[in-house]
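Report on the structure given below.
Any read-out appearing in this document is the output of simple, stated calculations on the displayed coordinates, not a laboratory observation. Note that the structure is a prediction, hence the values are computed from the model and not measured. Every residue, glycine among them, receives a Cβ derived from its backbone with ideal geometry; neighbour counts consider all protein chains shown.
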Amino acid sequence: RYLIYDVNPGEGFNLRRDVYLRVANLVKFLNEEQPWVLVLPPWGHLYHWQSRTISNSQIPWAKFFDLASLRKLIPVMEFTDYLKVTGKPEVESAIYLQRYKEGWSGGHWEEKMHERECLDKHGFVQDDDGLWRWWFWGYKDAYAIDFKCMSVQAQYTFLKPYLLHNTTARSVLLLRAEHLIHGSYSEWSPVWWTARRSMVFSQKLRDVADQFREAELNSDDVKDNTVLEDWPEMKRIHGDAIGGPYMAVHLRRKDFLSSHTKDVPSLAGAAKQIREKLKEFDLNAVYVATDAPKEEFLELQSHLSEFKVVKFEPTQEQLDDYKDGGVAIIDQWICAHARFFMGTGVSTFTFRIHEEREILGFDQKMTFNRFCGDNIAECEQPTKWSIKY
Ligand code: GFB
């Protein structure tokens with residue numbers, strides 16, 4: 001049987017990666033009783049992928065992630081392969097997950113799900129033949145035979161009995177899968193981390209990032225003690241990884257300048273914080289991952305003229321090939337290998353870098369750091385999200 005899913009269109013790349021972990025674990029638990037394959041929704045049309053000179057739609061997962069690594073957790077296939085294997089652009093059952101209209105009754109949270117009237121604009125339209133049409137990531141022939149809305153308030157495991165016993169559909173599409181939540185931290189953390197470790201970036205993107213580290217930052221895995229092993233075999237202790245002789249920052253700008261004013265410093269303020277850390281750790285190079293326009297990067301560089309300040313800038317050909325998502329991954333991978341890392345508060349882009357560094361085995365004080373807004377001498381530092389095996 002096949003489980004396909006999709007996420008609220010407004011969500012960014014790195015929250016979507018977290019939703020993948022929930023659905024992947026659901027499929028893992030389904031496979032304890034019945035063979036299920038997770039069908040990967042093509043990437044595309046994300047709000048933040050703003051390069052206008054390239055196509056950012058219908059991108060297969062293999063562009064960004066190593067499918068062989070994902071498959072060491074669960075069976076996965078690309079949506080295009082699903083179309084080929086099943087021979088028709090059909091999904092038997094589409095289920096649109098939604099909240100409960102009445103909210104939490106009496107302030108009491110319990111796991112539940114019920115078929116209910118649809119509350120939101122879902123985009124499904126029934127055609128003259130009774131088939132449900134939806135945009136299906138641009139695969140225009142695709143349709144669902146059945147469509148329903150389901151109010152849900154539950155951890156992802158709650159769907160297991162439903163999918164095993166309450167539907168006979170061979171293929172189920174879960175829309176708005178972000179409604180499914182993880183279990184409690186203490187109980188579910190190793191399960192979460194196991195799935196997270198399987199989410200290895202594609203070899204090609206890692207190679208590009210590694211070449212940049214070597215050429216610009218004098219960083220290589222053997223010297224830095226960051227050699228990657230096959231994920232099921234890899235187990236590091238905090239402090240094992242040394243990292244390259246550079247500091248890396250993730251400086252989130254654009255929409256964060258208005259939505260998280262207190263969390264994002266001015267460029268001069270960022271430069272001041274970077275300088276302090278470069279001095280503290282006796283480093284003279286900083287790698288900058290940022291969504292800032294070029295002028296802002298140049299301004300930051302000018303504030304730090306006594307240091308080497310670099311970022312990965314793709315050629316047009318590279319951008320065509322890697323896409324905005326691939327360039328973001330190259331940034332994350334270079335940040336993951338720095339001796340010291342400082343990110344942006346509340347950004348999921350930063351959180352994914354923290355996790356990568358936990359996997360590589362960095363000392364947590366070299367990872368869980370963030371910029372403070374201007375005029376805030378000591379802001380709350382990120383929670384240490386410790387790896388569990
Ligand atoms: O990944 P993401 O959800 O993280 O969205 P946040 C940020 C997107 O902006 C990334 C680009 O997926 C990239 O496309 N981006 C941000 C970057 N920083 C960098 C960078 O350093 N390098 C490159 N190459 N690209 C969420 C938003 O952003 O924050 C939500 O997606 C919402 O819509 C939430 O606004 C509060 O968690 O930073």
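Just a few scattered comments:
- Compared with the alpha-carbon gap, the fully stretched path from SER184 to ASN31 is longer by 52.9 nm at 0.36 nm per residue.
- Semi-axis lengths, Å, region 5-103, gyration tensor of Cα atoms, sqrt of 5 times eigenvalues: 23, 20, 15
- Spherically averaged projected area of the convex hull of Cα atoms, region 198-260: 6.3 nm².
- Debye intensity ratio in log₁₀ form over the Cα atoms of region 31-154, taken at each q of 0.09, 0.12, 0.13, 0.15 Å⁻¹: -0.37, -0.65, -0.76, -0.97
- Average 1/r across all pairs of distinct alpha carbons in the chain, invert it, and you get the Kirkwood radius: 22.4 Å.
- Whole-Å semi-axes of the ellipsoid equivalent to region 125-276 (Cα gyration tensor, √5λ, descending): 42, 24, 19
- Scaled against 2.2 N^0.38 Å for its residue count N, the alpha carbon radius of gyration of region 105-180 is 1.25.
- Cα→Cβ-extended label distance, 7 Å offset, between ASP207 and LYS254, nm: 2.8 nm
- Cross-link partners of LYS160 among aspartates and glutamates, defined as those whose alpha carbon lies under 12 angstrom from its own and excluding same-chain residues fewer than eight positions apart: GLU32, GLU33.
- Relative contact order (%) - criterion: Cα under 8 Å, at least six apart; region: region 19-147: 23 percent
- Distant-in-sequence amide H partners of TYR2 (H built 1.01 Å from N, under 5 Å): VAL37, SER171, VAL172
- Region 232-389: radius of gyration over Cα atoms, expressed as a fraction of 2.2 N^0.38 Å: 1.01
- Quarter of Cα convex hull surface for region 304-343, i.e. mean projection, nm²: 3.7 nm²
- Rg/Rh for region 177-219, where both radii come from Cα atoms and Rh is the Kirkwood radius: 1.25
- Of ALA292, ALA270, ALA336, the one that fluctuates the most in a GNM where the chain has Cα springs shorter than 10 Å: ALA292
- Summing +1 for each Lys or Arg and -1 for each Asp or Glu among the other residues whose beta-carbon sits under 12 angstrom from that of LEU70 gives +4.
- Taking GluC sites (Glu not before Pro) across region 71-159, the ones in a DSSP loop with at most 10 further Cβ atoms lying within 10 angstrom of their Cβ are GLU102, GLU110, GLU117.
- Net charge in the neighbourhood of GLU280 (other residues with Cβ under 12 Å of its Cβ; Lys, Arg +1, Asp, Glu -1) is +3.
- Extension gain (nm, one decimal) between ASN166 and THR53, 0.36 nm per residue minus Cα-Cα: 36.0 nm
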